[in-house]
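Down below is the structure, laid out as C-alpha cells.
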Amino acid sequence: GENVEQHPSTLSVQEGDSAVIKCTYSDSASNYFPWYKQELGKGPQLIIDIRSNVGEKKDQRIAVTLNKTAKHFSLHITETQPEDSAVYFCAASIGGGADGLTFGKGTHLIIQP
Amino acid sequence: GAVVSQHPSWVICKSGTSVKIECRSLDFQATTMFWYRQFPKQSLMLMATSNEGSKATYEQGVEKDKFLINHASLTLSTLTVTSAHPEDSSFYICSAEGGSGVETQYFGPGTRLLVL
C-alpha cells in the first residue's frame, strides 16, 4: 500500500518568515495530494490540494508543489502569522478524494512572535 | 459550504458497552464517507470506507464486527463501537467526499471516546 513520509516533525519559524514542509510518497499511482491543518482537539481542515496533472498551486500565502518523477510534494507558507501555528498533515490517495487518504505523521508548526 | 458534523463530540462509557457516533454532511450529498482513528499526537489512520446503501470496506487489521458502519443515506453515516474496551479510547473522525470540490474530502470535528 501507499506510504507517506513527512518532514520535519516539528518546525519553529519567526513570525513573518516562510515555512516549508516536505512529503514523499511511495505509490506512483497516487494522483491526489491534499494538505490539512489540525488544531488541538479539532478535525483536520483542508487548506490546499493538488492533483497529479498540475505541478504547482497557490492560494494567497499558501502554495503546494508536486514533483511526480521524484514522488514528493511540499507545502510552502509565506509571511507566517501566529494563527498558522498548528499541526499540518500531508496525504495521498490513488482514487482522488473518492479514495481513502494515507496521511503523513504530521508537522507541528510553531510560529515564534 | 461543505460542512461535516459529528455527534457526540465526546463520550465516556464503561467497558463492555456500545457507542454510536454519527457523521452528517450538512450542505451536500456525500457519495462516500470515511472513518479515521487518531491516537494522541499521532496521525490519522483510515479505518473504513462506506458508500450509501452498500457494505463498508474495512482496512486491514480493523475488525468489522467490532466497528459497525451503517451508511443509511447520502448525508448520514454511523460508526458503532461494540463491546468497547479501554484500548478503543481514541479520537474518531469522519470525512465525506463531495461538495463543491471535485473528489475532495471534508472532515468532521471528531468524537473523543474514553472507555473506562
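All of the numbers you see were taken from the coordinates with simple rules; none came from a lab. Since this is a predicted model, take the numbers as computed values, not measurements. So basically every Cβ, Gly included, is an ideal-geometry build from the backbone, and we count neighbours across all protein chains shown.
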Q) Within region A:51-66, is even one residue within 14 Å of another protein chain (Cβ to nearest Cβ), closer than 21 Å to residue B:3 by Cβ and without any contact (Cβ under 8 Å) to a residue 24 or more places away in the chain? A) yes
Q: Quick one: count up the residues across region A:67-113 that are more than 13 Å from chain B (Cβ to nearest Cβ), closer than 19 Å to residue A:25 by Cβ and of a type outside the set (A, V, I, L, M, F, W, C).
A: 7
(Q) Tally up the residues in region B:1-28 that are over 20 Å from residue B:112 (Cβ atoms) and within 16 Å of the chain's Cα centre (by Cα), please. (A) 2
**Q.** Identity of the residue in region A:20-50, of a type in the set (A, V, I, L, M) and within 15 Å of the chain's Cα centre (by Cα), that ends up nearest to the other protein chains (Cβ to nearest Cβ)
**A.** A:46
Q: Among the residues of region B:77-116, write down those that are over 12 Å from the mean Cα position of the chain (by Cα) and of a type in the set (S, T, N, Q).
A: B:82, B:83, B:89, B:100, B:104, B:105
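Just to be sure before I move on: is residue B:98 surrounded by 20 or more Cβ atoms within 10 Å (Cβ to Cβ), more than 8 Å from chain A (Cβ to nearest Cβ) and touching a Ser or Thr at 6+ places or on another chain (Cβ under 8 Å) in the structure I sent? So that I can check it myself, show each step before the final result.
Working: surrounded by 20 or more Cβ atoms within 10 Å (Cβ to Cβ): yes; more than 8 Å from chain A (Cβ to nearest Cβ): yes; touching a Ser or Thr at 6+ places or on another chain (Cβ under 8 Å): yes.
In short, yes.
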Q. How about region B:40-57: which of its residues are surrounded by 12 or more Cβ atoms within 10 Å (Cβ to Cβ) and within 11 Å of another protein chain (Cβ to nearest Cβ)?
A. B:42, B:43, B:44, B:45, B:46, B:47, B:48, B:49, B:50, B:51, B:57
Q) Within region A:48-91, how many residues are of a type in the set (Asp, Glu) and buried (at least 18 other Cβ atoms within 10 Å of the Cβ)? A) 2
Q) Do we find a residue being within 24 Å of residue B:39 (Cβ to Cβ), buried (at least 16 other Cβ atoms within 10 Å of the Cβ) and small (Gly, Ala, Ser) anywhere in region A:18-37? A) no
Q. Does region A:43-58 hold any residues that are in a loop (DSSP other than H, G, I, E, B) and touching a Phe, Trp or Tyr at 6+ places or on another chain (Cβ under 9 Å), and which are they?
A. A:43, A:44, A:52
Q.
It is to be established whether one or more residues within region B:58-71 are within 11 Å of chain A (Cβ to nearest Cβ), under 19 Å from residue A:101 (Cα atoms) and loosely packed, with under 14 Cβ neighbours inside 10 Å.
A. yes
(Q) Looking at B:37, B:112, can you tell me which residue is assigned to a strand (DSSP E or B), more than 25 Å from residue A:2 (Cβ to Cβ) and within 12 Å of chain A (Cβ to nearest Cβ)? (A) B:112
Q.
Give all pairs with beta carbons closer than 7 Å in which a residue from region B:3-23 that is within 11 Å of another protein chain (Cβ to nearest Cβ) and over 17 Å from residue B:77 (Cβ atoms) meets a residue that is of a type in the set (Lys, Arg) and in a strand (DSSP E or B); count only pairs at least 6 apart in sequence or on separate chains.
A. B:10/B:112
